[in-house]
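Down below is the structure, laid out as structure tokens.
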Amino acid sequence: MKMWMVCLLLVSYTTSVMAQAITERINENMITVSGVVKDQKSHRKLEYVNVYVPGTNIGTVTNADGAFTLKFKDPGTKVYLQFSYLGYSSNQVEVDRLASTGNEYFLSQSSFKLNEIVVSPINARFLVEEAMDKVKQNYSTVPTMNYLFYRETVQKRNRYITISEAVTEAFKTSYVQGTLRDKVRIAKSRSVASPDLKDTLSVKLEGGPNLATYVDAVKNPDILLEPEYIEMYEYSFRDYETIDDRVMYAIDFKPKPVMLDFPLYEGVIYIDRENMGISRIEFAMDMSEPDKVTKQMLRRKPASMRFRAQELSYLVTYRYQEGRYYLNYVRAQFRFRCDWKRRLFATNYTVVSEMVVTNREDNPTERMTYRESFRNSDVLSDKVLDFYDEAFWEDYNIIEPTESLEEAVGKLKKAIDKSSNR
């Protein structure tokens, strides 16, 4: 069983500069729509809501503040946005009407009728195995070029010390071919890091942008859904849920009490009741044996540092289009504690990486070479050039930065300017 590695090193930071705010590039052929998605009853802001233009492959997700921005070519006709979220009714809204509401959109929780479902005993493990047997029917059978926005952040306690972002392109072969020939390359990237000498413990995530290939658990069952791994879990039916107005089986899973050299996961898989396609997977590493987790999670560290893993969790979602599911959003969160010899207090770190597919081309004519691809051993923050441009992302679609991220970038830039003027 493979695992994403976090690499801890004692190094001095190489600082780079990040724009304080993302601003629109004036282009009369483009439409830019911004808004906030909230719960209809509570007015709670909803994070990770899928937002897309119906009939296209263009989309994004809301950030932790429920906010989104979406850019697309003006078709010269009425334009609609579609909002999709777990447990909520899906709906379309005309862009002009969205603007008239102050760019707020409210989603209502789904109320599908359970009495329309014939309830019978459910073999949860059988559903998971059937879902994997039907990958060819439910996922792409042609190669695709996926255009993605990727972000990774490192926090020391509650303070950001590194923020990196990139527009990437991911070439993915058919879902029946595995991931051996899948590749990711960086189209554009930027980063900002703390120059404070107290932050010289550099927390680095190897291969981060390759989330698009590695954590796609349906295409890469090596991580969770290979037949030999399915055998290691206990499955149980939790309930029915809805995603994009489609009824899902929610299947819980947890490790069996078996002796292994590596840790397993626990979580929930959402399976489309109509076609048995997997639409969403939430899973976290079982932390009951922390030494095994550390072995999987950590590549190397300073000899005088003690490392304790606290969380390693993933969210993977797929978007349903024209009878098939396509990778939509991936989020990974790592939390760990570092304790230094001869120091009184330990330090908590959090590394979060996330990516969203903003567009897709089926049967692309272009192929990606190995030389230009991002390697699993590469670290994005080490490869980023220095940029400062208020229109940095131009017409690329991104995940909007949260208010906390914008504030963090401002603080880090001030720290860099102060450091460089000494």
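No lab work stands behind these numbers, since they all come straight from the coordinates. Fair warning: this is a prediction, and the values are worked out from it, not measured in the lab. A quick note on method: Cβ atoms are made from the backbone with ideal geometry, for glycine too, and the neighbour counts reach across all protein chains shown.
Observations
- Whole-number percent relative contact order across the chain, with pairs defined as alpha carbons under 8 Å at least 6 apart: 24 percent
- What you get for the stretch 30-107, charging only the Cβ of Lys and Arg (+1) and of Asp and Glu (-1), is a dipole of about 40 debye around the Cα centre.
- Considering only N348, A391, Y318, and ranking their Cα positions along the charge dipole of the stretch 297-406 that arises from unit charges at the beta-carbon of Lys, Arg, Asp and Glu, the one farthest toward the positive end is N348.
- Cα→Cβ-extended label distance, 7 Å offset, between R185 and Y229, nm: 2.9 nm
- Computed helical MRE - 222 nm, the chain, DSSP H runs ≥ 4 contributing -39500 (n - 2.57), nearest 500: -3500 deg cm²/dmol
- Dipole in debye (nearest 20) - the chain, about Cα centre, beta carbon charges: Lys, Arg +1; Asp, Glu -1: 1680 debye
- Three-way shape call for the chain based on the alpha-carbon gyration tensor, with the a/c threshold at 1.5: oblate
- Using a simple spin-label model with pseudo-atoms 7 Å out from Cα toward Cβ, Q137 and A284 lie 3.4 nm apart.
- Ranked by how many other beta carbons lie within 10 Å on average, peptides 83-93, 326-336 from highest: 326-336, 83-93
- Fluctuation leader among L298, L180, L81 - the chain, Gaussian network, Cα springs under 10 angstrom: L180
- Model label sites at E130 and D245, defined 7 Å from Cα along the beta-carbon direction, differ in position by 2.5 nm.
- For the stretch 30-107, the alpha carbon positions stretch 36, 25, 20 Å along the principal axes, listed from largest to smallest.
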